[in-house]
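As structure tokens, the structure follows; a few thoughts come after it.
The values are calculated or read from the model by the stated rules, or taken from the named source; none is laboratory data. Everything numeric here is computed off the predicted structure, so don't read it as measured data. Don't worry about glycine lacking a Cβ; one is built from the backbone with ideal geometry, like all the others, and counts go over all protein chains shown.
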Amino acid sequence: MRVIGFAGWSGSGKTSLIERVIALLDGRGLTVSLVKHAHHTFDIDHEGKDSWRHRHAGCREVMISSGRRWSLTHELRGDAEIPLDVLLAKLSDCDLVLVEGFKRAPIPKIEVYRAEVGAPLLFPDDPYIVAIASDSDVATALPLLDINDPQAVANFIVEYLFTQTTLHVS
């Protein structure tokens, strides 16, 4: 499984860039999955729905299935957050996985940087950052990608992940 992350501070444009890159990668015939880290409590279920009620009654896992999709919700109920490698192992087979967040994960990452966010660059302190996507000049020896050119970012990902054999996560 090939994995690359997108790291950056809130408001840098990670989600918008990833959304556009996914469409381009999918258009190339690649099967793409995504793991997103949330720093806060989140809920994909809605209060009052049957699955929400079952989860709140005490179920550890609730699976919802239809003719279009299925989803599994797992309550940690006080257990520690699951590490990225364990989450990746739960995914179905795919060509590549994009990871949003998990800033400190030991995976290759593209830093998404906008100077106007006012936060420092991550790459000087993160050896896993392999490129920077930005809308401004950044003093770096790393590849600098235009954040407004998702095609360039998709091209970089394909070239980086599919020409190097050491980046597979098992």
Open item on the list: Considering only the stretch 56-63, I want to know if a residue exists there that is surrounded by 11 or more Cβ atoms within 10 Å (Cβ to Cβ), assigned to a strand (DSSP E or B), at pLDDT 90 or above and in contact with a Ser or Thr (Cβ under 9 Å, 6 or more places away or on another chain).
Closed with: no
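Here is a yes/no grid of residues against (1) under 19 Å from residue 133 (Cβ atoms); (2) not polar (S, T, N, Q):
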| position | (1), (2) |
| --- | --- |
| 12 | yes, no |
| 28 | yes, yes |
| 38 | no, yes |
| 46 | no, yes |
| 52 | no, yes |
| 70 | no, yes |
| 85 | no, yes |
| 92 | no, no |
- [ ] Report, ordered by the first and then the second residue, all pairs with beta carbons closer than 7 Å, sequence separation of six or more or different chains, a first member in the stretch 63-84 that is closer than 15 Å to residue 49 by Cβ and in contact (Cβ under 8 Å) with a residue 12 or more places away in the chain, and a second member that is loosely packed, with under 10 Cβ neighbours inside 10 Å and not polar (S, T, N, Q).
- [x] 64/70; 71/44; 73/44
Open item on the list: outside any loop (DSSP other than H, G, I, E, B) and either out of contact with any Lys or Arg (no Cβ under 9 Å at 6 or more places or on another chain) or of a type in the set (A, V, I, L, M) (or both): which single residue out of 23, 80 fits that description?
Closed with: 23
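Quick one: would you say residue 46 is surrounded by 12 or more Cβ atoms within 10 Å (Cβ to Cβ) and either of a type outside the set (Val, Ile, Thr) or part of a loop (DSSP other than H, G, I, E, B) (or both)?
Numbers: surrounded by 12 or more Cβ atoms within 10 Å (Cβ to Cβ): no; either of a type outside the set (Val, Ile, Thr) or part of a loop (DSSP other than H, G, I, E, B) (or both): yes.
Spelling it out, it is not the case that residue 46 is surrounded by 12 or more Cβ atoms within 10 Å (Cβ to Cβ) and either of a type outside the set (Val, Ile, Thr) or part of a loop (DSSP other than H, G, I, E, B) (or both).
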Open item on the list: For a quick check of your reading of the model, give me the residue pairs whose first member lies in the stretch 129-150 and is on the phi < 0 side of the Ramachandran plot and part of a strand (DSSP E or B), whose second is surrounded by fewer than 21 Cβ atoms within 10 Å (Cβ to Cβ) and among the hydroxyl-bearing types (Ser, Thr, Tyr), with beta-carbon atoms closer than 7 Å and at least 6 apart or on different chains.
Closed with: 130/160; 132/140
